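Right, one structure below, let's go through it.
The values are calculated or read from the model by the stated rules, or taken from the named source; none is laboratory data. For clarity, every value in this text was computed on a predicted model and none was experimentally measured. We place every Cβ from the backbone using ideal geometry, glycine too, and count neighbours over all the protein chains shown. Surface areas here come from the heavy atoms of the whole protein model, side chains and all, with no ligands, DNA or RNA. Shrake-Rupley method; radii C 1.70, N 1.55, O 1.52, S 1.80 Å.
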Amino acid sequence: MPFTANLLLSGLSGGYSSVQDINEIKDTTAVVVLTGGANTYRVGDNEIRALPRVSAFRALEAARVYGLMEDPLLVISGGVVGDALNAESEVMREALIKIGVPSERIIVEAQSRNTREHAIYLQPLLKDHHISRFVLITSPSEMWRAKATLEAADLHPIPSVTAEWTERRRRWLPTDAALRLSTSYICLLYTSDAADE
């Protein structure tokens with residue numbers, strides 16, 4: 001149920017919030033956004049690529065923070081996952097350009113398939129562009145793990161979490177979105193416990 005899923009999620013978000021004041025990020029020169037999936041629909045030779053809800057919220061937060069800053073670089077990190085034909089970062093790049101981020105300010109990292117690989121591939125890319133401190137964009141439920149993983153790779157993120165979709169009208173009835181959120185929470189707990197052993 002949405003009520004239960006949101007309750008679980010609030011315990012996982014770690015108290016992170018979104019950046020509101022430019023003074024919070026005055027020493028940063030870039031925004032780094034981690035992708036959260038991409039969908040490809042194909043019939044014959046025609047194809048439509050689209051962001052799912054999680055990635056759309058991340059793209060919107062990245063564009064918002066980009067607008068707060070003075071001409072930063074915007075780095076999108078996410079490769080080809082599963083049987084997809086295109087890197088998630090390429091799909092998000094198209095969406096960000098449509099909502100006003102200049103294409104020449106966007107850098108795509110299209111190899112990583114998980115949080116650990118985000119750190120592996122972002123480290124040399126950020127170093128090549130002389131980026132030491134940056135704003136990190138991801139979902140509330142993912143931020144604690146993403147931040148810890150990037151810091152372990154000697155990177156210095158400042159968290160800014162996305163908005164999170166919630167179903168308010170049907171909070172006491174089961175929904176697919178609530179099931180996905182609850183499953184995500186349980187999987188994160190399981191992988192966190194496994195990593196500690």
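Of the residues making up segment 11-25, those that are at pLDDT 55 or above, not in a loop (DSSP other than H, G, I, E, B) and not aliphatic (A, V, I, L, M) number 2.
Applying the selection to segment 77-104, what residues are open to solvent by less than 60 Å² (accessible area, probe 1.4 Å) and of a type outside the set (A, V, I, L, M, F, W, C)? Result: 77, 78, 79, 86, 88, 89, 100, 102, 103. Give me the residue from segment 133-155 that is among the small types (Gly, Ala, Ser) and either open to solvent by less than 70 Å² (accessible area, probe 1.4 Å) or within 13 Å of the chain's Cα centre (by Cα) (or both) and, out of that set, modelled with the lowest pLDDT. In this case the residue turns out to be 141. If I filter segment 133-142 down to residues being assigned to a strand (DSSP E or B) and in contact with a helix residue (DSSP H, G or I) (Cβ under 6 Å, 6 or more places away or on another chain), which single residue comes out as farthest from residue 24 (Cα to Cα)? Looking at residues that are assigned to a strand (DSSP E or B) and in contact with a helix residue (DSSP H, G or I) (Cβ under 6 Å, 6 or more places away or on another chain), I get 138. Checked against (1) of a type in the set (D, E, K, R); (2) at pLDDT below 95; (3) crowded, with 20+ Cβ neighbours inside 10 Å, residue 113 passes all but condition (3).
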